[in-house]
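Asker: Please find one structure pasted underneath; my questions will follow.
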Amino acid sequence: MLGLKLPTDPRWVNIVEKNIGEILTDHAYCEQKAASNAISVIVKYPEYEDLVKAMTEIAMEEMEHFGLVHDEILKRGMRLGFERKDPYVNDLAQYMKQRNAGGSRENQLVNRMMFAAMIEARSCERFRILSEEINDEELRVFYRSLMESEARHYTTFLTFARKYGNGINVEQRWQEFLDFEASLMEKYGKSETMHG
């Protein structure tokens with residue numbers, strides 16, 4: 001369903017299990033950044049009423065998830081660490097900037113939607129792996145519950161890219177982006193971060 005062309009190496013879970021605090025902190029900030037992204041879409045594209053409504057719902061849900069992850073951190077006697085840079089997201093952003101820069105507002109919106117969809121797709125895939133492979137039973141259940149909303153967000157972003165991509169071959173652009181993301185993933189899956 002997600003269309004990702006290179007799955008995460010299952011050994012990534014072994015790396016994660018060595019530092020649960022690190023993955024939870026990284027995950028918390030991923031949720032916060034997703035909420036911030038949805039808010040910035042509202043600010044940039046207020047004329048699309050259906051988009052504003054959907055982004056409002058996503059922003060609220062992502063901040064709710066941030067709270068759930070923070071609660072999980074506290075429950076385990078840990079503290080939320082400082083925000084980390086996300087090289088995976090930066091690599092995706094560089095690709096979008098180089099390949100599809102500028103153009104009409106519609107072009108920029110399509111790019112923004114595909115960028116967000118890709119991050120949600122990979123996050124959903126990572127949540128699925130954690131829900132199936134991590135030894136911690138509580139975290140299995142936790143990540144299973146979050147996986148479904150990530151899949152829904154992925155679908156929402158891609159739907160808007162297709163809806164507002166007038167004159168843009170969204171399907172071709174998405175397939176090219178998936179190819180790039182697969183090549184990118186060859187260097188990731190080696191750290192205890194959500195996308196690392």
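Asker: Checking the table LYS18/LYS97; LYS85/LYS163; LYS5/LYS97 against a 29 Å threshold on Cα-Cα, which pairs fail?
Answerer: LYS18/LYS97; LYS85/LYS163
Asker: Another question, if that's okay. In nm, to one decimal, how far is the modelled label at GLN175 from the one at GLU138, with both set 7 Å along Cα→Cβ?
Answerer: If labels sit at GLN175 and GLU138, their model points lie 4.6 nm apart.
Asker: Something else about it: Report Rg (one decimal) and Dmax (nearest whole number) for region 12-187, counting Cα atoms only, units Å.
Answerer: Cα radius of gyration and Dmax of region 12-187 are 16.6, 53 Å respectively.
Asker: Could you state the number of Å between the C-alpha centres of region 44-102 and region 107-133?
Answerer: For region 107-133 versus region 44-102, the Cα centre distance is 10 Å.
Asker: Report the gain in length on full extension from GLN108 to LEU6: 0.36 nm times residue separation, minus Cα-Cα distance, nm rounded to one decimal.
Answerer: 34.1 nm
Any read-out appearing in this document is the output of simple, stated calculations on the displayed coordinates, not a laboratory observation. Keep in mind that what you see is a predicted model, and the values were worked out from it rather than measured. Heads up, the Cβs are rebuilt from the backbone with ideal geometry, glycines too, and the neighbour counts pull from every protein chain shown.
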